[in-house]
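Single-structure report; data block below.
The values are calculated or read from the model by the stated rules, or taken from the named source; none is laboratory data. This structure is a prediction, so every number in the text was calculated from the model and none was measured. Please note: Cβ atoms are built from the backbone with ideal geometry, for glycine as well, and neighbour counts cover all protein chains shown.
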Amino acid sequence: MSMTRTIAISGKGGSGKTTVAAMIVRLLREQGAGPILAVDADANSCLGLTLGVEPAGTIAEIREDARKKSPSSSGVDKLRAFELGIQQAITEASGFDLLTMGRPEGPACYCAVNNLLRQFLDKLSSQYQFVIIDNEAGMEHLSRRTTNNVDLLYIVTEATSLGALSAQRIFALAKQLPIVVKEAGVIWNKVEGAAGCEPRLDDVETLGRVPMDQSVLDASIQGRTIFDLDPHSPALLAVRRMTEQKIMVRF
């Protein structure tokens, strides 16, 4: 198997990042790429819904159980229980697997548990050719180094001054992460008008633009999944081009 390629998608709520992440999973599956792991690292946990998959469980639940384990439990028992829990939390779907992170940590200390989590997620990720991570704007899970280094970070935002400011902040945050982000850039989403109408960003490369697409909005309102979207949808075609140019090109 080729080396794992990790693609993270970030953006503020409402930017369309989860839809873009789901589109990438769909397009990789259609290309016969794989195995694919889709990771829902947003506390809202909408990636499974967009992909039409019901999560079997969350990492947050496993982490909480591990933190509450009796101190008398042996280290070996804790490790086995933790690994088994992660395996059971993986939801197998047609052409990809889904792992849902769940809610953020509470006020208690999770340091020891997060160290275990890093070990197992690194081991798990290495079993896949592609890992697609849907992140919050704050990229909390990446900030805690609960994933491998990122090959490509897509910052999804709308072509407004507020959207540009949000993208700039996420890009600055990415530079401070305790992991290596090899390449990062912005995807302008829900764009209306000709190319070049987007706000200018300092030092942030534009990796693509996705047009406003009523069919995507309709699918969301009607509760349909990304796999129900017409293959000729303008938004899907735009993400297809980006996927072929930036993700599939090395495989």
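Can you pull out the residues in segment 172-204 that are aliphatic (A, V, I, L, M) and more than 22 Å from the chain's Cα centre (by Cα)? Explain how you work it out, then say what you get.
First pass over segment 172-204, keeping only residues aliphatic (A, V, I, L, M): 172-174, 177, 179-181, 184, 186-187, 191, 194-195, 201, 204.
Once the filter is applied, which keeps residues that are aliphatic (A, V, I, L, M) and more than 22 Å from the chain's Cα centre (by Cα), segment 172-204 yields Ala194, Ala195, Leu201.
When the test is whether a residue is modelled with pLDDT under 95, in contact with a helix residue (DSSP H, G or I) (Cβ under 7 Å, 6 or more places away or on another chain) and more than 19 Å from Ala235 (Cβ to Cβ), Ile179 passes it.
Cβ-Cβ contacts under 6 Å between residues 6 or more apart (or on different chains), taken from a first residue in segment 78-91 that is under 18 Å from Glu54 (Cβ atoms) to a second residue that is part of a strand (DSSP E or B), are listed as Ile90/Asp97; Ile90/Leu99; Thr91/Leu98. Answer yes or no as to whether Arg169 is outside any loop (DSSP other than H, G, I, E, B) and either among the basic types (Lys, Arg) or within 16 Å of the chain's Cα centre (by Cα) (or both). In short, yes.
Which of the residues that make up segment 158-207 are within 16 Å of Ala8 (Cβ to Cβ) and acidic (Asp, Glu)? Matches in segment 158-207: Glu183, Glu205. Selection of segment 225-251 for residues being in a helix (DSSP H, G or I), aliphatic (A, V, I, L, M), surrounded by 12 or more Cβ atoms within 10 Å (Cβ to Cβ) and out of contact with any strand residue (DSSP E or B) (no Cβ under 7 Å at 6 or more places or on another chain) yields Ile226, Leu236, Leu237, Met248.
Given the criterion in contact with a strand residue (DSSP E or B) (Cβ under 6 Å, 6 or more places away or on another chain), surrounded by fewer than 23 Cβ atoms within 10 Å (Cβ to Cβ), modelled with pLDDT under 90 and of a type in the set (Gly, Ala, Ser), identify the matching residue among Ala56, Ala41, Ala60.
Details: Ala41 fails: surrounded by fewer than 23 Cβ atoms within 10 Å (Cβ to Cβ); Ala60 fails: in contact with a strand residue (DSSP E or B) (Cβ under 6 Å, 6 or more places away or on another chain).
Residue meeting the stated conditions: Ala56.
Residues are listed down the side, and each one gets a yes or a no for (1) closer than 18 Å to Ala235 by Cβ; (2) touching a Cys at 6+ places or on another chain (Cβ under 9 Å):
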| position | (1), (2) |
| --- | --- |
| Met23 | yes, no |
| Arg29 | yes, no |
| Gly32 | no, no |
| Ile36 | no, no |
| Asp40 | no, yes |
| Glu61 | no, no |
| Asp65 | no, no |
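Residues in segment 128-137 include at least one that is at pLDDT 90 or above, assigned to a loop (DSSP other than H, G, I, E, B) and in contact with a Ser or Thr (Cβ under 7 Å, 6 or more places away or on another chain).
Residues checked against (1) at pLDDT below 90; (2) surrounded by fewer than 22 Cβ atoms within 10 Å (Cβ to Cβ); (3) β-branched (Val, Ile, Thr):
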| site | (1), (2), (3) |
| --- | --- |
| Ser126 | yes, yes, no |
| Asp151 | no, yes, no |
| Ile155 | no, no, yes |
| Val186 | no, no, yes |
| Glu198 | yes, yes, no |
| Asp203 | yes, yes, no |
| Gly223 | yes, yes, no |
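Checked across segment 78-89, the condition of being of a type outside the set (Ser, Thr, Tyr), assigned to a loop (DSSP other than H, G, I, E, B), within 21 Å of Asp122 (Cβ to Cβ) and modelled with pLDDT under 85 holds for no residue. Residues of segment 205-221 that are surrounded by 15 or more Cβ atoms within 10 Å (Cβ to Cβ) and not in a loop (DSSP other than H, G, I, E, B): Thr206, Leu207, Gly208, Arg209, Val210, Pro211, Ser215, Val216, Ala219, Ser220. Taken over segment 8-37, the criterion of being under 30 Å from Leu162 (Cα atoms) and among the charged types (D, E, K, R) is satisfied by Lys12, Lys17, Arg26. Summed over segment 177-200, the residues that are outside any strand (DSSP E or B) and in contact with a Gly (Cβ under 9 Å, 6 or more places away or on another chain) give a count of 2.
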